[in-house]
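What follows is one structure encoded as structure tokens, with my remarks underneath.
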Amino acid sequence: MRLDSVRILSFSGVDGAGKSTQISALCTYLRELGFQCAVYTFWDNVAVLSRLREHMSLKAFKGDPGIGSPDRPIQRRDKNVSSWYMTAVRLFFYLLDTFSLCAAVARSVDSGADFVIFDRYIYDEFANLPLQYWPVRLYIRILLMLVPRPDVAFVLDADPKAAFARKPEYPVEFVRQNRNVYLRLSRLIRSLTVIPPLPVKQAIETVKESVDEKCLAVKIGSLSLGIPCQVPSQAVKSSHS
């Protein structure tokens, strides 16, 4: 089974919200239906100068490197640093990441995959910005006009304590604040689909249902009737220099 054009999906949310679990389950589901999937990790495949940025952050803020786990908690210091000069640095790099994201989406259209799934998107960078200031919200709206909008953009909501237990990297209070920013973003960016805190299996089914409805309803329905059809596509446009 093939789609007439690539579908772009993205997963966002606080650390420990379960993005990797949901992406893995969705890829398995789509491949069982006969579709080809490709997964892009934002920090590795999109972010500009990601290794340099990580090195500079470790040198400047003395946080722990790596990824936290229940048996190996760490204390990171990067996106939970909110000084004015860090905000200025973020605004600069996020603009570069926007152009890089446009290029990545353009490349993905020719990848041969039916679904390209982004593990984090530009929305996760917006969640590191102080949304209470109107110039920051204006900046976000401008970048939103540049980046391709995914066919479905998920935000996985999570209880902060449960998220921290799964991935102990940042203080629970920061995770709580970060969660609130994601929820505020979902009100600012109406195209975001929020998956509420649910048991893992129920969240997986909710994600599947959303993808079925928004990306596969016509295709699956026509196949059940034996009628060939073309799935209406949402053109993926990219703007980059």
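For residue 62, go through the aspartates and glutamates and keep the ones whose alpha-carbon is under 12 Å away, minus same-chain ones fewer than eight residues off. In chain and number order, the partners are 54, 78.
Structure remark: mean-square fluctuation, Gaussian network model of the chain, C-alpha springs under 10 Å; the largest value among 42, 61, 164 belongs to 61. For residue 40, the residues whose amide H sits under 5 Å from its own are 117, 118, 119, ignoring neighbours fewer than 5 places away on the same chain, with H placed 1.01 Å from N.
Counting lysine pairs in segment 67-222 whose alpha carbons fall under 26 angstrom apart, excluding pairs fewer than 8 residues apart on the same chain, gives 9.
Comparing 153, 165, 60 in a Gaussian network model of the chain where C-alpha atoms under 10 Å apart are linked, the largest mean-square fluctuation is found at 60.
Mind grabbing the base-10 log of I(q)/I(0) for segment 7-225 at q = 0.08, 0.16 Å⁻¹? Debye formula, identical points on the C-alpha positions, no solvent, two decimal places. Cα-only, vacuum Debye calculation for segment 7-225: -0.29, -1.19.
Read-outs throughout are calculated quantities, based only on the coordinates presented, and are distinct from any laboratory measurement. Bear in mind that the values here come from a model prediction, so they are computed numbers and not experimental data.
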